[in-house]
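Structure, as structure tokens:
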Amino acid sequence: MSDFAKKIMITGGAGFIGSHVVRRFAENYPQYFIVNVDALTYAGNLENLRDVEHFSNYRFEKADIVDEKGITALFEKFRFDAVIHLAAESHVDRSILNPLAFVRTNVLGTASLLNIALKFWKASFASKLFYHVSTDEVYGSLGQTGFFTEQTPYDPRSPYSASKASSDHFVMAYHHTYGLPVVLSNCSNNYGSNHFPEKLIPLMINNIIHQKPLPVYGKGENVRDWLWVDDHAAAIDIIFHRGKIGEKYNIGGFNEWKNIDIVHLLCSIMDRKLDREPGTSAKLIQYVVDRPGHDMRYAIDPTKLNEELGWKPSLQFEEGLEKTVDWYLNNEDWVKHVTSGDYQKYYNLLYGKR
Ligand code: NAD
Ligand code: DAU
């Protein structure tokens, strides 16, 4: 293992974004040794990484980031040079049902990881990096105009975003207090393959396939800023290699959509792909009780990342959505596997009430 230029722990690598980041790093950097550390919660799935598991520079370790002994043992074993931290509880609706699970993983888990990294690296911070992957939701909710910049004050409004904001503060506090070399990014909503079907886009795709109701919260007018997941992974790659220590970067592609417009677009794409009469799937739309505290609008200003590090998104949304739908149509077994068991219970609990 000493032959590798860097040994990198990627946490949450079996999840949606994490699996794209692991694949990118394992494929593009054979000189790096990638250890995917994931507890395999309901959201973690090693099927996401079937094509990577045989790589000689990749290894999976099942561990909970809150388990201080387990993570310390991994640091002892692999002597990591860097951590790219994605492991989290990530779904806002679940955070409303069970906020303390979010405090445990997102706050305590992140603080514990920082503490262990500090312990192992404090003799020399040279060539070390703790990269924390965060969300635009820490900034709160926008009105009709304006964008989140890196200077926007934090104003989290759901248990999920409060736990992520707290984790961001711990990351910056470890930098300011102890000098830990950190970098942080806040990204907008991702979409693409391997997205767990509890989130808007894959949930709607799955329900359209099975001709189930399409539950739109409130009036469907909330706005999200959507980014192709591989463009997020590319941004993480650039920031990991060239980001300034102690700085944060916003990631987003100026791609705002009202929820109801996305649902209509998906309906028409899928009517075409499934040879259904135009208008068939839209009949499944049902307006349901709104998410409590539902943030109205997110919109990222990624100018800093674009101007300082040269990143820009590669894909138009309509093209990305077509590719995403194709992936779900071609991977029905993946969806079957992740939606069996516990997910069914969660779905009935959440949507049974709405
Ligand atoms: P996800 O829910 O799909 O995956 C999370 C992964 O973390 C899973 O593999 C899960 O098993 C693992 N995990 C959860 N708790 C753990 C624990 N205690 N110990 C070890 N592993 C654990 O999430 P995602 O959508 O891929 O998000 C990844 C990261 O990116 C999160 O930090 C999230 O806040 C952030 N983010 C997500 C989005 C988005 O649109 N999905 C946007 C911006 C930022
Ligand atoms: O902005 C980044 C964040 O985006 C990430 O940090 C989170 O991890 C990720 O889950 C996502 O949060 P959102 O709450 O924006 O995503 P979600 O897919 O849950 O919802 C998108 C919008 O769609 C939101 O306005 C709520 C609405 N919605 C969602 C679901 C699941 C519906 O109308 N119906 C639904 O069934």
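Below, the figures for the structure above:
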{"read-out": "Pick from the stretch 38-67, criterion open to solvent by 40 Å² or more (accessible area, probe 1.4 Å) and touching a Phe, Trp or Tyr at 6+ places or on another chain (Cβ under 8 Å), ranking: modelled with the highest pLDDT", "value": "ARG59"}
{"read-out": "Of all residues making up the stretch 117-163, the number that are within 16 Å of ligand 1 (Cβ to nearest atom) and out of contact with any strand residue (DSSP E or B) (no Cβ under 9 Å at 6 or more places or on another chain)", "value": "7"}
{"read-out": "Single residue of the stretch 252-271 satisfying the filter (under 20 Å from the mean Cα position of the chain (by Cα) and either assigned to a helix (DSSP H, G or I) or hydroxyl-bearing (Ser, Thr, Tyr) (or both)) that is farthest from SER314 (Cα to Cα)", "value": "ASN259"}
{"read-out": "3 or more residues farther than 17 Å from HIS195 by Cα: qualifying strands (runs of 3 or more DSSP E) within the stretch 207-251", "value": "214-217, 248-251"}
{"read-out": "The stretch 1-21: number of residues that are aliphatic (A, V, I, L, M), within 16 Å of ligand 2 (Cβ to nearest atom), crowded, with 24+ Cβ neighbours inside 10 Å and touching a residue at least 60 places away in the same chain (Cβ under 8 Å)", "value": "1"}
{"read-out": "Filter result for GLY109 (at positive phi and either under 18 Å from the mean Cα position of the chain (by Cα) or more than 10 Å from ligand 1 (Cβ to nearest atom) (or both))", "value": "no"}
{"read-out": "In the stretch 22-37, residue farthest from ligand 2 (Cβ to nearest atom) [restricted to those that are open to solvent by 10 Å² or more (accessible area, probe 1.4 Å) and touching a strand residue (DSSP E or B) at 6+ places or on another chain (Cβ under 7 Å)]", "value": "PHE33"}
{"read-out": "Helices (runs of 4 or more DSSP H) contained in the stretch 81-151 and holding at least 2 residues β-branched (Val, Ile, Thr) and more than 12 Å from ligand 2 (Cβ to nearest atom)", "value": "110-121"}
{"read-out": "Enumerated helices (runs of 4 or more DSSP H) restricted to the stretch 299-354, each holding at least 1 residues that are within 15 Å of ligand 2 (Cβ to nearest atom)", "value": "317-330, 332-339, 342-352"}
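The values are calculated or read from the model by the stated rules, or taken from the named source; none is laboratory data. A quick note: this is a predicted structure, and the numbers were derived from the prediction, not measured. Positions of Cβ are generated from backbone atoms using ideal geometry, with glycine treated the same way; all protein chains shown enter the neighbour counts. Note: accessible area is taken over every heavy atom of the protein model, side chains too, but ligands, DNA and RNA are not part of it. Shrake-Rupley method; radii C 1.70, N 1.55, O 1.52, S 1.80 Å.
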